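Notes follow once the structure below has been shown.
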Amino acid sequence: MQLNVRDVAGIFNISEKTVFNWIKHRNLPVYHVDEEYRFSRSELLEWASVTQTDVTSEIINAPDEDPLLMPRLDEALQAGGVNYSVSGTDMASVLDSVVQALNLPGEADRSFLYQVLLMRESLGSTGIGDGIAIPHVRNPIVLQIPSSMISLCYLEQAVDFGALDGQPVSILFTLISPTVRTHLNLLSKLSFALSDARFKTVIKQQASRDEIFAEARRIEEKLPAH
């Protein structure tokens with residue numbers, strides 16, 4: 001929790017006064033540390049996703065990160081893959097199908113991962129609205145894998161995920177990373193991408209894999225040069 005009010009104002013491109021207003025009236029997640037406000041980057045990302053609040057590319061950057069080691073959004077999507085017509089009639093069966101579809105090494109404990117996803121949903125829905133969910137947002141999934149990945153799954157039928165807007169979910173992004181830092185970096189990029197109208201339209205239209213990867217590449221190239 002290293003972010004202060006000024007950092008948050010930059011992330012959302014708002015005034016510091018507006019940050020205080022959001023704390024009071026929009027439940028912006030905040031902590032009091034030594035009589036000062038401090039914010040968690042991952043919780044801000046989740047809040048922005050759930051409330052459909054636009055973020056700037058500033059949320060991608062963290063002072064202790066080596067940008068050359070951070071995963072690219074398009075490469076992570078290619079590593080995780082795009083899966084169509086994923087089966088399931090409720091949240092539990094859908095998550096089981098998602099775990100089975102993940103492009104994981106043979107030694108990965110899929111049963112454990114499934115239980116982690118179920119537990120995360122019991123703490124609060126990862127449905128962010130508009131029929132989209134990002135399972136396991138606040139507590140990063142860290143596994144022994146060579147590189148980070150984002151798996152995009154389209155469901156055969158929409159299911160209730162308890163999203164705040166009440167809409168059933170038919171699109172799921174699942175992030176798997178070898179470190180917490182790379183997870184948060186990818187989550188930042190995905191949140192930024194989902195605030196981009198063109199990217200979101202391609203996702204909602206269930207476009208081809210090549211079209212989705214191309215849009216992810218466009219988003220990656222929109223980010224500030226390191």
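The values are calculated or read from the model by the stated rules, or taken from the named source; none is laboratory data. Just so we're clear, the structure is a prediction, and the values are computed from it rather than from any experiment. With ideal geometry, Cβ positions are generated from the backbone for all residues, glycine too; neighbour counts draw on all protein chains shown.
Name the residue that is surrounded by the fewest Cβ atoms within 10 Å (Cβ to Cβ), counting only residues in the stretch 198-226 that are without any contact (Cβ under 8 Å) to a residue 24 or more places away in the chain, closer than 25 Å to S125 by Cα and hydrophobic (A, V, I, L, M, F, W, C).
V202
Tell me which residues, restricted to the stretch 31-45, are in contact with a Ser or Thr (Cβ under 9 Å, 6 or more places away or on another chain) and either farther than 22 Å from S195 by Cα or assigned to a loop (DSSP other than H, G, I, E, B) (or both).
Y31
Here is a yes/no grid of residues against (1) at pLDDT 90 or above; (2) more than 28 Å from K222 (Cα to Cα); (3) in contact with a helix residue (DSSP H, G or I) (Cβ under 8 Å, 6 or more places away or on another chain):
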{"residue": "R6", "(1), (2), (3)": "yes, no, yes"}
{"residue": "E16", "(1), (2), (3)": "yes, no, yes"}
{"residue": "V19", "(1), (2), (3)": "yes, no, yes"}
{"residue": "P29", "(1), (2), (3)": "no, no, yes"}
{"residue": "D34", "(1), (2), (3)": "no, yes, no"}
{"residue": "E46", "(1), (2), (3)": "no, no, no"}
{"residue": "T53", "(1), (2), (3)": "no, no, yes"}
{"residue": "S57", "(1), (2), (3)": "no, no, yes"}
{"residue": "E65", "(1), (2), (3)": "no, no, yes"}
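Applying the selection to the stretch 1-28, what residues are part of a loop (DSSP other than H, G, I, E, B) and surrounded by 15 or more Cβ atoms within 10 Å (Cβ to Cβ)?
Answer for the stretch 1-28, where residues must be part of a loop (DSSP other than H, G, I, E, B) and surrounded by 15 or more Cβ atoms within 10 Å (Cβ to Cβ): N4, I14, L28.
Go through the stretch 108-123 and count every residue that is closer than 11 Å to G162 by Cα and in contact with a helix residue (DSSP H, G or I) (Cβ under 9 Å, 6 or more places away or on another chain).
1
This table checks each residue for (1) buried (at least 19 other Cβ atoms within 10 Å of the Cβ); (2) more than 28 Å from G88 (Cα to Cα).
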{"site": "D160", "(1), (2)": "no, no"}
{"site": "G166", "(1), (2)": "no, no"}
{"site": "V169", "(1), (2)": "yes, no"}
{"site": "F173", "(1), (2)": "yes, no"}
{"site": "N185", "(1), (2)": "yes, yes"}
{"site": "S191", "(1), (2)": "yes, no"}
{"site": "D196", "(1), (2)": "no, yes"}
